[in-house]
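Notes follow the structure.
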Amino acid sequence: MAGQDIPEEYLDGYAHILAAASSTGRRLTREELDSRRALGERAADAGHGLRALVGAHFAATRAHWPVSRTVRADSVLAAAEQAVDAFAEGYERAQRLAVRQEEAARREFIDDLLYGRSDLGLLAERAERFGLRLSYEHAVAVAQGPSGYEEGHPVPREVERALIGRFGDRSILLTTKDGRLVCVAPGDQDEVLRFFAKQAYAATGGGRVAIGRPQPGPGGVVQSYEEALNALDLAERLEIDEPVLRAADLLVYPVLTRDRQAMADLVVNTLGPLHQARGGAQPLIDTLAAYFDSGCVAAEAARRLALSVRALTYRLERIHQLTGANPSDPVHRYTLQTAVIGARLLDWPAKPF
C-alpha cells in the first residue's frame, strides 16, 4: 500500500477531521489546518518524502471513508484536499527553512574557508560536509568578469552545470565571493581548474581567470585563494592581457616588490630624470613598457603605441639621453625593465613616493 512505511503519528487526527468536515460539507477550521501544517513540518524535519506522505493520506482516506448515506463523495474529497494541502504547505515551509539554513551554513563555511577565520581542525570537519578533505592539497581558481556575480546568478549556475556534467562529484566546490567566481579543487586535478577557466571565460564574456598554486592542509585553500587574487591584481596593474593567469608564472613580481623601499629607490633613481621630458615621464615609461613587452622589437612596439618606427626610435634615444641607460644595451636593459615593472606595480609617477 502507498505510504505504508509512514508512521501513524503524521496522520494523527486525520480520520476525525475527515469525518467531521465531510458530514456537513464545511471547510476545515483554522485549528484543523494548523494541526495539518504542524504535522507536515515535523514530517519534513524527520526526512520523510512528500510523495510517500501524500500516498499515506490517500490510503487513510480510503480506509476511513465515511459510510453515512448523508455524506456526499465530493464533501469527503474536499475535506481530504484541504487537509493534504495544509499538510504539504507545512512540509514545504519546513523545506524552505532548511534550505535557507543550509545556504547560510554554506556561506559561513565558505567565508571561513577563504579567509581562514576558523579553527583549522573544526574547519576540516565542516569541510567534509561540503565534499572537501582539507588534509589533501587544494588549488583555487578565481574568475573576474565585467560585472559582479552572486549565488544563483545565471553565470555561476552555467559554469557549475558544465563542471558537474564533465567531472561529476570530484570534491569540487564552486561558489562566489566579492562578485567573483571561485572554484576549489583537489591539487592533483589541474584539468578541473583548466576546464573551469575555459567555462568561466566563456560565461563571463571574456573575463580573466587566475589560478593559485596547490597548497596542502586546511590553510592551503586560503593561500591558493590569495595567490589567485594577487595574480588578478598584478594583471590589472601590469596590463597583462592573458585571459588565464597562473600564480606560479608570476612569482617574480612579489619578489621584486618584497622590499618596497628598495624598489621605490630603483624607480626614482632610474626613471626620475624622465620628468624632464616634454609631456612628463609617463609617455616615455609607456614606450619602454611596450618596447620590452614586444621583445625589444621596435616595429612591434611602434605598432602597439600607434607610432611610426622613427618616432619610437626618437623616444628611445631621448630616454637614453635623460637616464644615461640605453634600452638597446643588454647591460642597461635589465635595470630599465625592472624599474618599469616597479613603476607599474607601485603606480608611479601617478602616486609619487
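List of remarks:
- Hits in the stretch 258-268 (condition: under 13 Å from T338 (Cβ atoms), free of Cβ contacts under 8 Å to residues at least 40 places away in the same chain and in a helix (DSSP H, G or I)): A262, D265
- For the stretch 126-155, a residue qualifies if it is assigned to a loop (DSSP other than H, G, I, E, B) and within 20 Å of G187 (Cβ to Cβ), and the qualifying residues are F130, G131, L132, R133, L134, S135, Y136, E137.
- In the stretch 1-90, counting only helices (runs of 4 or more DSSP H) that sit wholly within it, the ones holding 1 or more residues that are surrounded by fewer than 17 Cβ atoms within 10 Å (Cβ to Cβ) and β-branched (V, I, T) span 14-24.
- When the stretch 342-353 is filtered for residues that are surrounded by fewer than 21 Cβ atoms within 10 Å (Cβ to Cβ), in a helix (DSSP H, G or I) and touching a Phe, Trp or Tyr at 6+ places or on another chain (Cβ under 8 Å), only L345 remains.
- Which listed residue, of G47, G55, is on the phi > 0 side of the Ramachandran plot, at pLDDT below 95 and out of contact with any helix residue (DSSP H, G or I) (no Cβ under 8 Å at 6 or more places or on another chain): G47
- Among the residues of the stretch 156-194, those identified as over 12 Å from the mean Cα position of the chain (by Cα) and in a strand (DSSP E or B) are A185, P186.
- Scan the stretch 241-268 for residues that are of a type outside the set (F, W, Y) and in contact with a helix residue (DSSP H, G or I) (Cβ under 8 Å, 6 or more places away or on another chain) and the total you get is 14.
- Residues of the stretch 280-310 satisfying the condition of being among the hydrophobic types (A, V, I, L, M, F, W, C) and part of a helix (DSSP H, G or I): L284, I285, L288, A289, A290, F292, A298, A299, A301, A302, L305, V309
- Residue list for the stretch 234-254, restricted to those being touching a residue at least 24 places away in the same chain (Cβ under 8 Å) and β-branched (V, I, T): V244
- Test for V155: is it of a type in the set (A, V, I, L, M, F, W, C), at pLDDT 90 or above and farther than 19 Å from G212 by Cβ: yes
- Residues being small (G, A, S) and surrounded by fewer than 16 Cβ atoms within 10 Å (Cβ to Cβ) - total across the stretch 91-103: 1
- When the stretch 302-323 is filtered for residues that are free of Cβ contacts under 8 Å to residues at least 24 places away in the same chain and more than 39 Å from the chain's Cα centre (by Cα), the ones remaining, listed by number, are A302, L307, S308, V309, R310, A311, T313, Y314, E317, H320, Q321.
The values are calculated or read from the model by the stated rules, or taken from the named source; none is laboratory data. No experiment lies behind these values; they were computed from the predicted model shown. Cβ atoms come from the backbone with ideal geometry, glycine included; neighbour counts cover every protein chain shown.
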